[in-house]
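Just below is one structure, and these are the notes that go with it.
The values are calculated or read from the model by the stated rules, or taken from the named source; none is laboratory data. Source: prediction; values computed, not measured. All Cβ positions, even for glycine, are placed from backbone atoms using ideal geometry, and neighbour counts span all protein chains on display.
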Amino acid sequence: MYCTPKIHKRGAPLRPIVDYTGSIGYNTSKALAEILAPMFGTTEHHVRNYRDLAEFMKDFTIAEDKEFVLHDVVALFTNTPIPETLEYIKDELTKDITLKDRTNLVVYIDDIMELLEFICNTTYFIFDDTIMQ
């Protein structure tokens, strides 16, 4: 476990982060990420990292009456609405014609969705060689 400061709050209290590596869902999460990866990050609005943002911004002009706001969504996972996210992923999987080439799952979308729902709603982790929930 480690902590990150909540810099937007007075006194910057710490947010505990539990390392998921080695947990019961780790390998499943990894496999799902590999299946889903080609579907996301392909729009013109996707920014992979600060270098991508810097490259995009060097030729970007903001009107004087406008304000540029940037949100780092990496740390907002706990605020992600799971049912809506799963529905969005299911819609994207349904449209993905290359899905069958990336997985050995037989009932592709139903199996993937069942695993995703389990992973998104599971809080098991290992601490001090003990499985916690």
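General observations
- Residue pairs whose Cβ atoms lie under 6 Å apart, sitting 6 or more positions apart in sequence or on different chains, and linking a residue in the stretch 102-123 that is acidic (Asp, Glu) to a partner that is surrounded by 13 or more Cβ atoms within 10 Å (Cβ to Cβ) and outside any helix (DSSP H, G or I), are Asp111/Leu105.
- For Ile24: the one exception among (1) modelled with pLDDT under 80; (2) surrounded by fewer than 11 Cβ atoms within 10 Å (Cβ to Cβ); (3) not hydroxyl-bearing (Ser, Thr, Tyr): (2)
- Inside the stretch 3-24, residues that are of a type in the set (Ser, Thr, Tyr) and farther than 20 Å from Thr122 by Cβ make up a count of 1.
- Candidate set: the stretch 42-69, residues that are surrounded by fewer than 10 Cβ atoms within 10 Å (Cβ to Cβ) and among the aliphatic types (A, V, I, L, M); chosen: the one modelled with the highest pLDDT: Ala63
- When the residues of the stretch 99-109 are filtered to those that are surrounded by 13 or more Cβ atoms within 10 Å (Cβ to Cβ) and not charged (D, E, K, R), the one that is modelled with the highest pLDDT is Ile109.
- Residue pairs meeting the criteria (Cβ under 8 Å; at least 6 apart or on separate chains; first within 15 Å of Ile112 (Cβ to Cβ), in the stretch 23-42; second assigned to a loop (DSSP other than H, G, I, E, B) and basic (Lys, Arg)): Glu34/Arg102; Ile35/Arg102; Pro38/Arg102
- Residue count for the stretch 79-98, restricted to those that are modelled with pLDDT under 85 and either assigned to a helix (DSSP H, G or I) or under 19 Å from Val18 (Cα atoms) (or both): 2.
- Complete set of residues in the stretch 1-19 that are part of a loop (DSSP other than H, G, I, E, B) and either without any contact (Cβ under 8 Å) to a residue 60 or more places away in the chain or polar (S, T, N, Q) (or both): Lys6, Ile7, His8, Lys9, Arg10, Gly11, Ala12, Pro13
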